[in-house]
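In what follows, a structure is listed as structure tokens, so that the remarks can point back to it.
The values are calculated or read from the model by the stated rules, or taken from the named source; none is laboratory data. What you see is a predicted model, and the numbers here were worked out from it, not measured in a lab. Backbone-built Cβ (ideal geometry, glycine too); neighbour counts: all protein chains shown. What goes into the accessible areas is simple: the full protein's heavy atoms, side chains included, and nothing from ligands, DNA or RNA. Shrake-Rupley method; radii C 1.70, N 1.55, O 1.52, S 1.80 Å.
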Amino acid sequence: MLASRPLVRRRWVRAASALLASALVLPLAAGSAGAQTQPPPTDDPEFSALVFSKTAAFRHDSIPAGIAAIQELGEEHGFTVDATEDAGAFTPENLAQYDVVVWLSTTGDVLNDQQQAAFEEYIQNGGGYAGIHAASDTEYDWEWYGGLVGAYFRSHPPGTPDATVVVEDPAHPSTAHLPTRWDRTDEWYSFRDNPRGRVHVLASLDESSYNVGSHAMGHDHPIAWCHEYDGGRSWYTGGGHTSESFSEPAFREHILKGLQTAAGVIPSDCSATLDESFDRVELDVNTQNPMDLAPTPDGRTIYLERDGRVQVIQPNGGTTTAGTLAVTQVQEFGLLGIELDPDFSENGWVYLYYSPQGSDSDRVSRFTL
């Protein structure tokens, strides 16, 4: 087992190394094993990134464009980028240079056991991970990595259809610049399971906007997300299949902010909407077809069963039936909606929307609880 050790801010490591080189008048070797390095900025870098693009299965033609785009973003925004396909770069000593490791359309089994252990240690010590596109098509037998990336790739429809991405978090830096409905062309992944609840979903796909065919995940189809994982930070986007993706200003900004948040240099909240963020209390386990509910100021909860029953859950537990309306349940009719009067505490009035038996029209009526 590898001994854990704290990560040091990389900018101080690089600054100290530069000072030592100047004092000794000796050149320092930059980068990692097998890495292609860009010249470091003259100013102190905001952060450092390692782009890893090794493939052991399908290889995407867009990988060179993705590397070039991230290097250009580094030059424009003051962070350093090393690119490698050498799994030998995954050692504790080498990974400690980087604030974020970008898995760019990796596929298949790309690390051995020792390299996997080094990357786990890196994340556990507070490192950052950014996965792009086929990063989810990687290391299916490494359970820890599956948790890190969030979900494994399952399939995709043919070609690169136009589709609509629905932005779910307009506050996260990687989606804040995007329209609510973002129309773009890409290869649209479906995943083996839905990661919602384990991760914070940033954007999802509107499956009605493209021919998803047999690859449907249904109305809830996440496509970009983030979460904190095992001591580190993880950000993933399903986009990036085409080379043209990395020339799109909106997609490049999406990548930039994803890297910055995964590196930890700009704040982001990836804890929202995770199942662990909520305390779940079962109010009633005997519901049959509940349609609507309304909490009252005194701590009760009123909910409606479609068959006409008005159910009241007491603050200390236990459910009673306040009344039953005679309703028709043909098709999707029944007791459907409830609203409390603004002065409910004083008058006890509730408004119910329902379909009376023997009537051709729905009705809204006021009742006193």
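Some observations on this one:
- Residues in segment 269-294 that are part of a strand (DSSP E or B) and not small (Gly, Ala, Ser): PRO290, MET291, ASP292, LEU293.
- Test: ARG363 is over 34 Å from the mean Cα position of the chain (by Cα), among the charged types (D, E, K, R) and surrounded by 15 or more Cβ atoms within 10 Å (Cβ to Cβ): no
- Of the residues making up segment 44-96, those that are of a type in the set (Val, Ile, Thr) and in contact with a strand residue (DSSP E or B) (Cβ under 9 Å, 6 or more places away or on another chain) are VAL51, THR55, ILE63, ILE67, ILE70, THR80, VAL81, THR84.
- Members of segment 310-323 found to be over 15 Å from THR368 (Cα atoms) and out of contact with any Lys or Arg (no Cβ under 8 Å at 6 or more places or on another chain), listed by number: ASN316, GLY317, GLY318, THR319, THR320
- Residue, nearest to ALA87 (Cα to Cα), within segment 99-110, restricted to residues that are open to solvent by less than 10 Å² (accessible area, probe 1.4 Å) and assigned to a loop (DSSP other than H, G, I, E, B): VAL110
- Test: residue in segment 156-174 that is open to solvent by less than 50 Å² (accessible area, probe 1.4 Å), among the hydroxyl-bearing types (Ser, Thr, Tyr) and in contact with a helix residue (DSSP H, G or I) (Cβ under 9 Å, 6 or more places away or on another chain): yes
- Whichever residue in segment 295-321 is within 18 Å of ARG363 (Cβ to Cβ) and outside any loop (DSSP other than H, G, I, E, B) and, among such residues, is most open to solvent (accessible area, probe 1.4 Å): ARG309
- Residues located in segment 31-66, provided they are of a type in the set (Gly, Ala, Ser) and either at pLDDT 95 or above or buried (at least 17 other Cβ atoms within 10 Å of the Cβ) (or both): GLY31, SER32, ALA35, SER48, ALA49, SER53, ALA56, ALA57, SER62, ALA65, GLY66
- Looking only at segment 124-146, residues that are part of a helix (DSSP H, G or I), under 12 Å from THR106 (Cβ atoms) and of a type outside the set (Gly, Ala, Ser) come to 3 in all.
- Residues satisfying the stated conditions in segment 265-290, i.e. open to solvent by 70 Å² or more (accessible area, probe 1.4 Å) and within 16 Å of the chain's Cα centre (by Cα): PRO267, ASP269, ASP275, GLU276
- Identity of the residue in segment 68-92, hydrophobic (A, V, I, L, M, F, W, C) and over 17 Å from GLY128 (Cα atoms), that ends up surrounded by the fewest Cβ atoms within 10 Å (Cβ to Cβ): ALA68
- From the options THR324, THR328, residue that is surrounded by 14 or more Cβ atoms within 10 Å (Cβ to Cβ), touching a residue at least 12 places away in the same chain (Cβ under 8 Å) and either in contact with a helix residue (DSSP H, G or I) (Cβ under 9 Å, 6 or more places away or on another chain) or within 21 Å of GLY358 (Cα to Cα) (or both): THR328
- Looking across segment 339-360 at every residue that is among the charged types (D, E, K, R) and under 20 Å from GLN311 (Cβ atoms), the one that is most open to solvent (accessible area, probe 1.4 Å) is identified as GLU339.
- Annotation note: of GLU187, GLU121, the sole residue that is open to solvent by 10 Å² or more (accessible area, probe 1.4 Å), touching a residue at least 40 places away in the same chain (Cβ under 8 Å) and part of a loop (DSSP other than H, G, I, E, B) is GLU187.
- Look at (1) closer than 20 Å to THR273 by Cβ; (2) outside any loop (DSSP other than H, G, I, E, B) and you find that PRO173 fails only one, number (2).
- Residue within segment 201-209 that is hydroxyl-bearing (Ser, Thr, Tyr) and over 16 Å from the mean Cα position of the chain (by Cα) present: yes
For every residue, the table says whether it meets (1) among the aliphatic types (A, V, I, L, M); (2) open to solvent by 10 Å² or more (accessible area, probe 1.4 Å); (3) more than 15 Å from ASP275 (Cα to Cα).
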site	(1), (2), (3)
PRO195	no, no, no
ARG198	no, yes, no
VAL201	yes, no, no
VAL212	yes, yes, yes
ALA216	yes, yes, yes
ASP220	no, yes, yes
GLY239	no, no, yes
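- Taken over segment 245-264, the criterion of being surrounded by fewer than 17 Cβ atoms within 10 Å (Cβ to Cβ) and either part of a loop (DSSP other than H, G, I, E, B) or free of Cβ contacts under 8 Å to residues at least 60 places away in the same chain (or both) is satisfied by PRO249 alone.
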